[in-house]
Each structure stands twice: as C-alpha cells, then as structure tokens.
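As structure tokens, the structure follows; a few thoughts come after it.
The values are calculated or read from the model by the stated rules, or taken from the named source; none is laboratory data. Just so it is clear, the model here is predicted, and its values are computed rather than measured. Cβ placement follows ideal geometry from the backbone for every residue including glycine, while neighbour counts extend to all protein chains displayed. Keep in mind that these areas ignore ligands, DNA and RNA; they rest on the heavy atoms of the full protein, side chains included. Shrake-Rupley method; radii C 1.70, N 1.55, O 1.52, S 1.80 Å.
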Amino acid sequence: MNEVKKPKKPLIYYYAIAIAVLLIFNLFAMPNIMKMQIKEIDYGTFMSMTESRQIGLVEIQDNQIIFTDKDSQNVYKTGLVDDPGRTERLYESGAKFSKEIIEEPSFLTSFLFSWVLPMVLFIVIGNFISR
C-alpha cells in the first residue's frame, strides 16, 4: 500500500518568515531599547558638566554631541550648538573627545551593492521559485 506524503514546504518560506521577524524586531524594538539608554539634556547642562569636570568620553557628531559621565555609568546627548570655545573647555576638563569620521564608499563598492547585488539576488530567487 502506498502512503501519501504531504509535500514539504520549500525552505525559502522559513527563511522569509525569519527575515520578516528580524526586520520587524529591528524596526520597532531596537530603536526603543537604544533610546532608553541615552538621556537627552540641554546644552547648558553639558557646559556645566564640562566646567565641573563630570564628563568622561565625548563624541561630536554632525548634529549632536554624545557623551558619558566621568564613571561611564550614564550616556547623554545634546544638540550641537555653534560654540567656538567648546574644544578648549573639553581639553581643560580632562575629557577624551573626538569627532565622527565619515568615510565615503568608493564608486565601485556603491555600484556593486546598490545595483549588481540586488539584481543577482532577484535572478537567483526567481530561478529558485520557478522550479
């Protein structure tokens, strides 16, 4: 007597479900988790903490300043204000500070990742599904 076996679902369905769950988690849960760890303060508080030597590590970005307290227990952020004396005050306070270095990708790398790789992926997926 022949048994009738149920056809197995292709593995691509399980991959698609796993990727969808990861995307949803990264879109909604991770930003909230990361945001809860950083306290937003005003620039005046940042200046007073600098003058009282309560700042440890400072990272100056294009639109904000992210810094830690002396013990590196708390992480703070504040908006970037045009302040010509900021560097001198940070140096005098003993804080370690840096500015974010933005590296531009090469044209070839950008072209490969934005045009060639997606085309190859769609062709491979199309060939896999049509079988």
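Just to check your reading of the model, which residue among 110, 93, 106, 114 is surrounded by 12 or more Cβ atoms within 10 Å (Cβ to Cβ), farther than 20 Å from residue 37 by Cβ and among the hydroxyl-bearing types (Ser, Thr, Tyr)? Being surrounded by 12 or more Cβ atoms within 10 Å (Cβ to Cβ), farther than 20 Å from residue 37 by Cβ and among the hydroxyl-bearing types (Ser, Thr, Tyr) holds for just one of 110, 93, 106, 114, which is 93. Going through (1) modelled with pLDDT of 85 or more; (2) at negative phi one by one, residue 100 falls short only on (1).
For the criterion of being open to solvent by 90 Å² or more (accessible area, probe 1.4 Å), in contact (Cβ under 8 Å) with a residue 24 or more places away in the chain and aliphatic (A, V, I, L, M), residue 57 passes.
The set of residues in region 47-90 being among the charged types (D, E, K, R) and under 20 Å from residue 37 (Cα atoms) consists of 59, 69, 70, 71, 77.
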